[in-house]
Amino acid sequence: MQRTAPEGRGPVRYGPPAPEPGLPVLPELATVLASAASRAEGEPPGGGPELREAACGYWWRRGLRSRPDELAAASGAQPLLFALLGAYGGDVLMPRPCPAWWTPQARLLGRPAYHVPTPAECGGVPDPFALLETVRRVRAEGGKPRLLLLSVVDDPTATVAPPETVSEACEAAVGEGLHIISDETWRDTLHRPQETVLLSPAEMWPADVTVISDLAGALTPASWPVAVARFPPTQQGIVRRARTLDILTALGAVLSAPVAEAAAHALGEPGQVTARTDQAAELHARVAAAAHRAVLTSGALARPPQAGRHLYADLGPLRARLAERGVSDSMELEEYLTDRLGTPVPGGHRFGDELGALRVRLATGPLLGTTPEQRLESLTSPAPLELPHVAEALRIFGTAFDELR
C-alpha cells in the first residue's frame, strides 16, 4: 500500500518489508514434503483432517483445548487474516506499532483501521485506557469498532506482554463488545522460555478470542506458506468459521497437499522439529542481544528483545546527527540504514507508526550469514558470535550506529 508523500516527494511505502534470509530447511521436513509430492488430490478449503488434528494437539499442549471442527488452515497468514476480517465485519483496532501486513488487509476490505498506543513496557497489546478512549471516539464519530487485533508475542517489537497487561486490555475490549484476534505466530520463539510468562487471551476469554498462527514463525520455512486459526467453541464461532471457509474458497487460499503434510508433521512436534525450534530461538536471542547493545551504545532506544527475530529501535535521540545526513523521517531513515547496512531495514511507517518518528525494525536474520552454509554454521556453533561472518556482520551493524553518536 502507498500514500503520496508531502511536498511532492515519492510515495510513502506502507507495504510489507522485503523477505528476510531464513535458516536452512530442516532435512526431516524436506523429506516429508518430498514424500508427499506425488499426491494428486488437493487439500479441502480450511485444511484436511490430518492437518487440523495435528493443530489441535499443538494447541492442547499449550493449554488451549481444541477440536478439528473449530480450526481452519490457509496458504499463509495474510489470506487467513483477510478471511477472518471479512467474516467478523466492523472497524478494526490494532496496536501501534503492529505487524506490517495487518493494516493492508483491513484496507483491502475497505475497513477503517485505528491504531492504539501500547504501554511503555511492551508492544503488541494496546494500552487499556487508550483502547477505551479510541473505541468511544470512533463510536462518537459514527464508526463501528468490532475487532481488536493483538499479539502477545509481538512483531515488530520482539516483546512479550505481561499477563496483567494482556488481561486488562482484553477485559476492556470484551467489555466494549469487541472480538479479539490474537496472533500467536511467535509464541514458540521466546529467548528465555523458563523466565517468561506467556498468557494467551484465549485462556481468559475463550468465547471472545480467535487465535491465528503463521507456522513460519517457528515451525516451517517461510517459503511453505501455511497458517492456522482456532475459533471460539461457540455457536458464533461455528458461523464465523463457515464464513471464513467461504472466503478462503473464493480466494483459492488452500494448501497444497505436500505442504499440508509437512505442516502436520511439524505441528506434531517430533524431536528434531522441537530441537530446531529451540536451537533457532537461542541463536536469534544471542544475536539480538548483541544488536541491542550496539543500538543502546549509540544513544538510540529499544526495548530488550524477548522473542522472535527482530528489535524495534527509536533513533529519536539521534535526530540532530541524522538531520546532518538528510534524514528527517522514518522513510528517509529506512533508506539511509538500508544503504548503510546493505540489507532491508523497514521504517516505522510500515508498522503503523507516524512518518515523523525515527523508528525502524532491525532483523537478526541478515546477521547470521549470507549463504545457507554460513547460516547453518551459525545455527550449529556453540559460540555463533565468534564466527568470522557473524562477527563481521555485527561489526558493520555496530559501526553504522556508532557513527551517529
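The residues listed here are 149, 178, 215; of these, the one that is over 30 Å from residue 268 (Cβ atoms) and either open to solvent by less than 10 Å² (accessible area, probe 1.4 Å) or touching a Lys or Arg at 6+ places or on another chain (Cβ under 9 Å) (or both) is 178. At least 2 residues being without any contact (Cβ under 8 Å) to a residue 60 or more places away in the chain and within 18 Å of residue 168 (Cβ to Cβ) is the threshold, and among the strands (runs of 3 or more DSSP E) wholly inside the stretch 69-155 those reaching it are 113-117, 145-150.
Considering only the stretch 358-380, I want to know if a residue exists there that is touching a His at 6+ places or on another chain (Cβ under 7 Å), crowded, with 17+ Cβ neighbours inside 10 Å and part of a helix (DSSP H, G or I). There is at least one residue in the stretch 358-380 that is touching a His at 6+ places or on another chain (Cβ under 7 Å), crowded, with 17+ Cβ neighbours inside 10 Å and part of a helix (DSSP H, G or I). A search for C-beta distances below 9 Å between a residue of the stretch 354-365 that is in contact (Cβ under 8 Å) with a residue 40 or more places away in the chain and any residue that is aromatic (Phe, Trp, Tyr) and surrounded by 17 or more Cβ atoms within 10 Å (Cβ to Cβ), counting only pairs 6+ apart in sequence or on different chains, returns 359/312; 359/351; 360/312; 361/312; 361/351; 362/312; 362/397.
In the stretch 334-357, the qualifying residues are those that are out of contact with any Pro (no Cβ under 8 Å at 6 or more places or on another chain) and closer than 18 Å to residue 101 by Cβ, and the one that is surrounded by the most Cβ atoms within 10 Å (Cβ to Cβ) is 347. Please find, among 39, 52, 3, the residue that is farther than 21 Å from residue 249 by Cα, of a type in the set (Lys, Arg) and either at pLDDT 95 or above or surrounded by fewer than 16 Cβ atoms within 10 Å (Cβ to Cβ) (or both). From the options 39, 52, 3, the qualifying one is 3. Of everything in the stretch 303-333, what is open to solvent by less than 70 Å² (accessible area, probe 1.4 Å), assigned to a helix (DSSP H, G or I), in contact with a strand residue (DSSP E or B) (Cβ under 9 Å, 6 or more places away or on another chain) and not hydroxyl-bearing (Ser, Thr, Tyr)? Give them in sequence order. Scanning the stretch 303-333 gives 316, 331, 332, 333. Please work out if residue 249 is open to solvent by less than 40 Å² (accessible area, probe 1.4 Å), at pLDDT 95 or above and in a helix (DSSP H, G or I). No, not satisfied. Annotation note: of 276, 286, 243, the sole residue that is among the basic types (Lys, Arg), open to solvent by less than 60 Å² (accessible area, probe 1.4 Å) and either out of contact with any Lys or Arg (no Cβ under 8 Å at 6 or more places or on another chain) or not in a loop (DSSP other than H, G, I, E, B) (or both) is 276. Taken together, the residues in the stretch 193-209 that are free of Cβ contacts under 8 Å to residues at least 60 places away in the same chain, surrounded by 18 or more Cβ atoms within 10 Å (Cβ to Cβ) and outside any helix (DSSP H, G or I) amount to 5. Pairs meeting the criteria (first residue in the stretch 40-61 and of a type in the set (D, E, K, R), second residue open to solvent by 20 Å² or more (accessible area, probe 1.4 Å) and at pLDDT 95 or above, beta carbons under 6 Å, at least 6 apart or on different chains) are 52/68; 53/68.
The values are calculated or read from the model by the stated rules, or taken from the named source; none is laboratory data. Keep in mind the model is a prediction, meaning the values are calculated, not measured. Virtual Cβ from ideal backbone geometry, glycine too; neighbours counted across all protein chains shown. Each accessible area value is taken on the protein alone, full model and side chains, heavy atoms only, with ligands, DNA and RNA left out. Shrake-Rupley method; radii C 1.70, N 1.55, O 1.52, S 1.80 Å.
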